[in-house]
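Below is one structure, written out as structure tokens, with a few remarks after it.
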Amino acid sequence: MAGAAGGPQQQQQQQPQPQQQQQRVACQVFPERRAQGGSGQGLLSSVFSNDQGCQRLLLKTLQTNPYVKLLLDAMKHSGCAVNKERHFSCEDCNGNVSGGFDASTSQIVLCQNNIRNQAHMNRVVTHELVHAFDHCRAHVNWFTDVRHLACSEVRAANLSGDCSLVNEIFRLHFGLKRHHQTCVRDRAILSILAVRNISKEVAQKAVDEVFESCFNDQEPFGRIPHNKTYARYAHRDFQNRDRYYSNI
């Protein structure tokens, strides 16, 4: 979920400016976000505090998860290298939110009070890194065009492994024909509604308008990584592609 890439409660008479929207939604979803573009605790500053569990899970994800390793390489290749001390923050969050990408600070927020285990951390970090990758490679109007948010949410649901068969079985969701597409669509809509005060119909319309093109945009994986094996193959292919272009 693009946590700070969603919209706050809007007023009919006077629309808040994008910067005001960023600050307000950051405080609503992530209460430790500071109003003036600041962040919560960074990785090293909080390593000896009560969020050691979150930090430990994060470090293992960064070091071992093939989805994340590919995205980190892709971010670096795109000129947006990720620094774990600067770009990740473990914080307490409101509601059931697991994490978010704070576009105002280019920082991924990890909800230490809601992330349950290593597998959950892997999915959250992968999902938010897709948003960070989109933020790096394109001019994303997170606050002014809900279709931009919808596109990134479709891509994140499609590429993060969130709609893997195992995860869907745990959710007691079963289906055969185009089940992956259905899952991606549903997860994208839920993510939009978690950060935007809009109706479900508006969220559905935005997802429908961008679904085909954004579902087929599989960068930087080049395929839908249905499991870790697919993600490892995608990472290998990305590294080979990178080496090929560097020799041209």
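The values are calculated or read from the model by the stated rules, or taken from the named source; none is laboratory data. Just so it is clear, the model here is predicted, and its values are computed rather than measured. Every residue, glycine among them, receives a Cβ derived from its backbone with ideal geometry; neighbour counts consider all protein chains shown. The accessibility values were calculated without ligands, DNA or RNA, using every heavy atom of the protein model including side chains. Shrake-Rupley method; radii C 1.70, N 1.55, O 1.52, S 1.80 Å.
At-a-glance table
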| read-out | value |
| --- | --- |
| Computed E for Gln181/Glu85 - FRET, C-beta separation, R0 41 angstrom, nearest 0.05 | 0.60 |
| q = 0.09 Å⁻¹: log10 I(q)/I(0) that the Debye formula gives for region 51-229, counting C-alpha atoms only | -0.28 |
| For Gln107, residues with placed amide H under 5 Å, excluding near neighbours | Asp102 |
| Apportionment of accessible area to carbon and sulfur, region 51-229, percent (1.4 Å) | 51 |
| Listed residues Ile115, Ile192 arranged by accessible area, highest first, probe 1.4 Å | Ile115, Ile192 |
| Label zone at Arg232 (point 7 Å along Cα-to-Cβ), backbone N below 11 Å, region 48-81 | 66 |
| Amide proton proximity set for Asn113, modelled H, under 5 Å, gap of 5+ | Cys93 |
| Estimated inter-spin distance, Asp208 and Leu190, nm [label 7 Å along Cα→Cβ] | 2.1 |
| Derived scalar couplings ³J(HN,Hα) [region 210-222; Karplus, 6.51 cos²θ - 1.76 cosθ + 1.60; whole Hz; x for Gly, Pro] | 10, 4, 4, 5, 6, 5, 7, 7, 10, 5, x, 6, x |
| Estimated inter-spin distance, Ala119 and Gln63, nm [label 7 Å along Cα→Cβ] | 2.2 |
| Net charge contributed by nearby residues that have their C-beta within less than 11 Å of Arg147 (K/R +1, D/E -1) | -3 |
| Packing-based ranking, highest mean first, of 214-224, 124-134 given that Cβ atoms within 10 Å are counted | 124-134, 214-224 |
